[in-house]
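Working notes, structure below.
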Amino acid sequence: MKFTRTTIPEVIICEPKVHADERGYFFESFKKESFEKFIGYSIDFCQDNEAKSTKGVLRGLHYQMPPFAQSKLVRVIKGSVLDVAVDIRKKSNTFGNYVAVELSEYNKKQLFVPQGFAHGYVVLSDEAIFTYKVDNYYHKASERGILYNDPTLQIDWKFPIEEVLISEKDKIQTTFNEADYF
């Protein structure tokens with residue numbers, strides 16, 4: 001597995017070594033020992049989640065407040081998405097910045113989004129199956145969100161914003177300036 005720090009060093013791109021031949025392919029999608037060695041601390045993923053979405057579906061920006069904050073290791077097993085992580089750690093040098101990475105069934109990239117980040121993605125392909133590990137369980141009272149089209153963040157979703165399909169809940173999330181931070 002190759003690990004690459006992004007412009008926000010705590011957000012990490014993970015690229016597996018793919019063994020491919022005429023029969024198909026094989027790769028390790030997660031190896032705890034090498035992952036923890038790279039990030040520098042222990043992590044206990046406790047749940048795997050999966051979502052299927054059609055083109056233009058935008059999910060996010062979501063996070064949970066401590067003590068129920070979640071780290072996520074996300075990947076796409078079918079299709080492609082633009083995955084976005086926004087730094088909401090008030091004391092961070094990169095507070096309010098974001099990282100955007102295309103994840104697809106072809107590039108097999110994964111993105112590690114640690115606690116202290118809002119997370120979302122938009123589906124770029126006709127359909128996508130998105131899967132992710134989390135290190136804490138969902139806790140409704142701790143759930144928070146930031147508007148996907150917040151003018152302060154100015155996220156370039158690489159998709160026509162007027163064409164996104166978004167849940168009613170995500171349409172009324174708070175602005176970045178009004179959000180709860182870490």
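Bear in mind that the values in this text are calculations on the coordinates, not laboratory data. The structure displayed is predicted, hence computed values, not measured ones. Cβ coordinates were reconstructed from backbone atoms using ideal geometry, including for glycine residues, and neighbour counts include every protein chain displayed.
Label zone of ASN107 (point 7 Å out along Cα→Cβ, amide N under 13 Å): in the range 137-158 this covers 158.
Can you pull out the trypsin sites (Lys or Arg not before Pro) in the range 144-173 whose DSSP state is coil and whose Cβ has at most 13 other Cβ atoms within 10 Å? Walk me through the intermediate numbers first.
Details: sites: ARG144, LYS158, LYS169, LYS171; in loops: LYS158.
Taking the range 144-173 and a limit of 13 other Cβ atoms within 10 Å, the loop trypsin sites (Lys or Arg not before Pro) found are LYS158.
Ordering SER71, SER125 from the fewest to the most neighbouring beta carbons within 10 Å gives SER125, SER71. Give me the lysines in straight-line cross-link reach of LYS55: C-alpha distance below 21 Å, same-chain residues under 8 apart excluded. Partners within reach: LYS78, LYS108, LYS109, LYS158, LYS169, LYS171. If we count every other residue with Cβ under 14 angstrom of ASN149's Cβ, Lys/Arg +1 and Asp/Glu -1, where does the sum land? Local charge sum for ASN149: -2. For the range 93-148, the gyration tensor built on C-alpha atoms gives a prolate shape. Its axis ratio a/c (a ≥ b ≥ c) is at least 1.5, and a/b is the larger of a/b and b/c.
R0 = 41 Å: FRET efficiency of ALA51 with ASN93, Cβ-based, nearest 0.05? Intermediate results must be reported in sequence, preceding the final value.
Numbers: r = 32 Å, r/R0 = 0.77.
So the FRET efficiency works out to roughly 0.80.
Of the residues LYS32, LYS72, LYS108, the one that moves most in a GNM of the chain with alpha-carbon contacts below 10 Å is LYS32. A straight chain from THR7 to GLN154 at 0.36 nm per residue would run longer than the Cα-Cα distance by 51.3 nm. Of the GluC sites (Glu not before Pro) in the range 85-182, the ones in a loop by DSSP (not H, G, I, E or B) with at most 16 other beta carbons within 10 Å are GLU105. Whole-Hz Karplus values for the range 166-182 come out as 9, 5, 4, 4, 6, 5, 10, 5, 6, 7, 4, 5, 9, 6, 7, 10, 7 Hz, taken residue by residue from phi with 6.51 cos²θ - 1.76 cosθ + 1.60 and θ = phi - 60°; glycine and proline positions read x.
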